[in-house]
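Q: This is the structure I want to talk about, given as structure tokens.
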Amino acid sequence: MLKIESISKHFGGVKALNELNLEVGEGEIFGVIGPNGSGKSTLINVICGIFLPTKGDVIFEGQILSEKPTHQRLKKGIARTFQNIRLFPNLTVWQNLWVARNSVEDIKTESSFYRWFGKSSIVKKEIEKMLEFSNLENRADELASSLAFGEQRRLELARAVATKPRLLLLDEPAAGMNKDEIRDLDKRIRSLQLQGITIILIEHVMELVMGVADRIAVLNFGSKIAEGNPQEIQKNEAVQEAYLGYSEDD
Amino acid sequence: MDFYLNLINTIGIHTMLGLSAYLLLQTGQLSLAQAGFFAVGSYTAAILTVIFQWNIIPSVLVAMLVTGFLAFLVGFPALRVKGLMLVVATIAFSEFVRMFFYNLKWRVTKNGEEIGPDGTMGFAEIRYFSDNGWSNLEVTFFLWTFVIIIMGVIWWSDQSRTGAVLRAVGEDELAASSVGINLTVVKVSAMTAGGFIAGLSGGLYAHQVTSLDHHSFTVLLGTFAIAYPILGGLSNVFGTLVAVIFIQGLLVEGLRFLGDWRMILFGLLIVLAMNFKPLGLFDKQTIAIIKRSIRV
Amino acid sequence: MEDFLYEVVEITQTIWDGVLFGSTYALIGIGFTLIFGAMGKLNMAYAGAAIAGAYVGLAVSMFLDAPIIFVFAVSALVSTLMGYIVYQTCFRFIPTHNHLAALMASVGGLFLIDEVIVLATRGSPMNFPGLFEDAYFELGPFGIRGDLLFVFFIGIVSTVVLLYVLFKTRLGMATRAVAQQDVAAQLCGINIHRTNSITFSIAGLLGGIAGAMTAAAVGVLSPVMTVPLTIKGLIVTVIGGLGSIPGAIIAGLFVGAFENFFLYIRGIDERDMYVVALLFIFLVFRPNGIFSKTITRD
């Protein structure tokens, strides 16, 4: 579904991504891990179109994305969450979800007038579904900034899902979460997979990634140093060396 | 009676001026170009009624369209100029427009009289209302019909998805584009809409004051235009109206007896208001408090 | 042929005079750029404080019948103090991310200062003494106005002192640290409010000098000078690049020359339109100005 073909991203002298090749299949949960600075966030930004690659192509469902700006990639079906939550703080929970209705289906089902000036019942139902999904039914009219941290993370995830994506990029969604919240997130991610959404999960929190990913790629200094299922990755020497500075045989 | 009608007219026009900036401020564009658009609307409508002898309604509507189109053109380069630099660019734009009209001479002779904009002497004799026998009360009603329509449209925008999208762009452009919002379309539309409203209010203004002078269109007017929505808060249309009533009604007219001291009071009030209520007098918290106390 | 040479001389003279006068714009530009560099905000009250300082300087010198240099000194000191006050009233207590409120507050401050001046002087312009008014040097066909030369000289001295303070003293280092990373600076023990107050005061000092210089070069002091000075100052700051001191200097001198040139060929009514057009050209081709961000944060 998504092919990263020999992508390099240079920021001046820094090679954030170095001839990276990845392939993510439809319906997979694909994990990306690596030490800090290995290029994980840059990878998301390149896929979303926030940065254009210095070299190489991002190919989504057979189409080269090249110059397409971020909002157009959303219409193609690519959504994301942010490492440092980026909700709209002075909008209500409801409004945060409401503004995210920009998918091709949403534009087709609602007539222009209602999209911009009205509030059809279809919209109400769909947003209510999202509120249910994120356990925020009672908070619909509260400002996003007044939510607790865990609630904000759930809202951000719901907002990304509200755009009806086919590919969802999660940028360290478990950062700062406790064990219960991580278990909850694990369940949510699995349920999204059941809905047919392909997920790329960038994460540091190993118990989440190892538990939920079908396949994992490991990055270091902008290149891929390993790829495989969670068990293979855990035993991989190059991975251990990258993270811990030594391998089991030392 | 006439004094009060005049005041009510001024309040109406300034409310529209403030609302023209309201949409732009919601999208995070700090634009002081409203004075320039206001001037374009004024001169266009006045030229149409005075030199071409048009009826007031098409004149004002055409002024609105011309100004809106100009704002549309301005909207694109404005995208390239970020943050506080936009303030400077729009100040410069408004000044340019003012100087343009300061130098505009277009005199025609009608019925033995010379009429039309006269460069540095300004544009006097905009007598449509008096020539056509409008009473002062009729002028007020006419004007305020437009004010109420504009207020209604913007209030509706605030309640609907449009308002939320505008404010989402103003709060976080990166997040907005990540959920599929086309920043260019939203920001240029806001600028265009602001232009329409400013042009409309300018056209009405020209006929209400009957003479135009470049002194009316300085940067000061542009700062008033953004002051109203900033003081009133960007989440509620009525905030802007209240700010206008407060500033125009009380300070400029009501406290005339204070002489020059009222402008000092005005400046002081703005400084104090921004320190204590940086999100405007009618921010979400204040509105929540008001709603709660009404329910109780 | 003679006519052509005459034109060339006149135009060169005009441009030269403009460059000298442009040093006042350079100082105002530095003031705006310093504050933008430190806080990411525009202080709209800046030119008002500058002119106010010049007024007080004039008033004091009238009372005490003191030498003209005294006027300059007092203007500078008063504007320094006003810079400090403007910081405390319009910027200190407003949340950093709220640009609207700070802008509006400083606009309010500008109104306030303007109206106090109008009230105190009953709105009539006052004569401002120039220094070296009668000095006039001749260099071949060119004349050099002594008073403008003095103004230019003061501009150079002020800039040199400022750069020395910014780059060779601990205070200057703290200012630059806060400009680049205010949170990290605080973690290093730098008191942000104190540093910002000092930045505003230094900017105020420059403004006071610029205000007195402008008044001296023009010969008149009037409250209507604040708005055009603000606008020209902002234009210079943007052309030079927000946050860049060398940019402000070069842009100031350039705008001074440019403005005077168009004054000569198109007259006073159209002169300012060309300055604005210049800004637009820069915004189209070099929106970040000549140099962008020497002392600012990311």
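The values are calculated or read from the model by the stated rules, or taken from the named source; none is laboratory data. Every value quoted in this text rests on a predicted model; they were computed, and no experiment measured them. Positions of Cβ are generated from backbone atoms using ideal geometry, with glycine treated the same way; all protein chains shown enter the neighbour counts. Note: areas computed on protein heavy atoms with side chains; ligands, DNA, RNA excluded. Shrake-Rupley method; radii C 1.70, N 1.55, O 1.52, S 1.80 Å.
Q: If DNA, RNA and ligands are ignored and the probe is 1.4 Å, what is the ranking of C:I190, B:I226, C:I281 by accessible area, most exposed first? It would help to have the intermediate numbers written out before the result.
A: Working: C:I190 45, B:I226 5, C:I281 95 Å².
Result of the area sort, largest leading: C:I281, C:I190, B:I226.
Q: Let me ask something additional. Please compute the length gained on full extension between A:K124 and A:N138, using 0.36 nm multiplied by the number of residues separating them and subtracting their Cα-Cα distance.
A: Numbers: separation 14, 0.36 × 14 = 5.04 nm, distance 1.46 nm.
Result: 3.6 nm gained on full extension.
Q: Determine the relative contact order of chain C: mean sequence separation of Cα pairs under 8 Å and six or more apart, normalised by residue count, in whole percent.
A: The value is 36 percent.
Q: Using the Cα atoms as the points, what is the convex hull volume per residue of the protein assembly as shown in Å³? Kindly include the intermediate steps, with their values, before the conclusion.
A: Working: hull volume 185.3 nm³, N = 844.
For the protein assembly as shown, the hull spanned by Cα atoms encloses 220 Å³ per residue.
Q: Something else now. Take A:K187 and B:I294, extend 7 Å from each Cα along the Cα→Cβ direction, and tell me the distance between the two endpoints in nm.
A: 4.1 nm
Q: What is the helix-to-structure angle for A:149-162, meaning the angle in degrees between its Cα long axis and the longest Cα principal axis of chain A, kept from 0 to 90 and rounded to the nearest 10?
A: 80 degrees
Q: Calculate the length of the line joining the C-alpha centroid of the range C:97-157 to that of the range B:69-144, in whole Å.
A: Taking the Cα centre of the range B:69-144 as reference, the centre of the range C:97-157 is 31 Å away.
Q: Of the residues A:I189, A:I50, A:I200, which exhibits the maximal mean-square fluctuation in a Gaussian network model of chain A defined by a 10 Å Cα contact cut-off?
A: A:I50
Q: Evaluate E = 1/(1 + (r/R0)^6) for A:Q83 and C:V160, where r is the Cβ-Cβ distance and R0 equals 45 Å; express this FRET efficiency to the nearest 0.05. Write out the running numbers ahead of the final one.
A: On the way: r = 46 Å, r/R0 = 1.02.
After rounding to 0.05, the efficiency reads 0.45.
Q: In addition: Using the basic label-point model (7 angstrom from Cα toward the beta carbon), what is the B:L79 to B:E138 distance in nanometres?
A: Going by the 7 Å Cα→Cβ label model, 4.6 nm.
Q: Here's something else I'd like to know. Using all alpha carbons of the range B:143-296, what is the percent of pairwise distances in each 10 Å bin, ordered from the shortest bin to the longest?
A: 9, 31, 36, 20, 4, 0
Q: Calculate, for B:K110 and C:A277, the FRET efficiency according to 1/(1 + (r/R0)^6) with r their C-beta to C-beta distance and R0 35 Å; round to the nearest 0.05.
A: On the way: r = 34 Å, r/R0 = 0.99.
The calculated FRET efficiency here is 0.50.
Q: In nanometres, what is the gap between the two model label sites at C:V9 and C:Y136, each 7 Å from Cα along Cα-to-Cβ?
A: 1.4 nm
Q: Assuming R0 = 25 Å, can you tell me the calculated FRET efficiency for the pair B:L174 and B:F72, based on Cβ-Cβ distance, to the nearest 0.05?
A: Numbers: r = 25 Å, r/R0 = 1.00.
Here the calculated transfer efficiency is 0.50.
Q: Could you compute Rg(Cα) / (2.2 N^0.38 Å) for the range B:1-86, with N its residue count?
A: On the way: Rg = 15.2 Å, N = 86, 2.2 N^0.38 = 12.0 Å.
Normalised Rg, Cα atoms only: 1.27.
Q: Once the Cα atoms of helix C:226-240 and of chain C are each reduced to a long axis, what angle between those two axes, in degrees from 0 to 90 to the nearest 10, is obtained?
A: With rounding to tens, the tilt is 80 degrees.
Q: For the range C:2-285, what mean projected area does the convex hull of the alpha carbons give, in nm²? Please report the intermediate quantities before stating the final value.
A: On the way: hull surface 65.4 nm².
For the range C:2-285, averaging the hull's shadow over all directions gives 16.3 nm².
Q: Another question about this same structure. I'd like the accessible area for A:H204, computed on protein heavy atoms only with a 1.4 Å probe and all protein chains in place. Round to 10 Å², please.
A: Solvent-accessible area, nearest 10 Å²: 60 Å².
Q: Now for a different question. Could you please state, rounded to a whole Å, how far the C-alpha centre of the range A:28-72 is from the C-alpha centre of the range C:34-77?
A: 54 Å
Q: Follow-up question, since we're still on this one. Among C:K168/C:K232; A:K3/A:K125; B:K187/C:K41; A:K55/A:K187, which pairs are too far apart, with a Cα-Cα distance over 27 Å?
A: Numbers: C:K168/C:K232 30 Å; A:K3/A:K125 35 Å; B:K187/C:K41 22 Å; A:K55/A:K187 37 Å.
With Cα atoms farther than 27 Å apart: C:K168/C:K232; A:K3/A:K125; A:K55/A:K187.
Q: Relative to the first principal axis of the alpha-carbon coordinates of chain B, what is the inclination of helix B:2-26, with its axis defined by its Cα atoms, in degrees from 0 to 90 and to the nearest 10?
A: 50 degrees
Q: By its C-alpha gyration tensor, with a ≥ b ≥ c as the square roots of the eigenvalues, how is the range C:1-88 shaped: rounded for a/c under 1.5, else prolate for a/b larger than b/c, else oblate?
A: oblate
Q: Follow-up. Which residues in the range B:194-229 have a backbone N closer than 14 Å to a point placed 7 Å from the Cα of B:I287 along the Cα-to-Cβ line?
A: B:229
Q: Rounded to the nearest whole Å³, what is the per residue volume of the convex hull around the Cα atoms of the range C:1-43? Walk me through the intermediate numbers first.
A: Values: hull volume 2.7 nm³, N = 43.
It comes to 62 Å³ per residue, whole-number rounded.
Q: Treating chain A as a set of equal point scatterers at the Cα positions, no solvent, please give the Debye-formula log₁₀ I(q)/I(0) at q = 0.09, 0.11 Å⁻¹.
A: -0.41, -0.60
Q: Let me ask something else. Quote the total accessible area buried by chains B and C together, excluding ligands, DNA and RNA, probe 1.4 Å, nearest 100 Å². Walk me through the numbers on the way to the answer.
A: Working: alone 14780 and 14660 Å², together 25900 Å².
Roughly 3500 Å².
Q: Grab the eigenvalues of the alpha-carbon gyration tensor for chain B, scale each by 5, take roots, and send me the semi-axes largest first in whole angstrom.
A: Details: eigenvalues 199, 109, 65 Å².
With the √(5λ) rule applied to chain B, the semi-axes are 32, 23, 18 Å.
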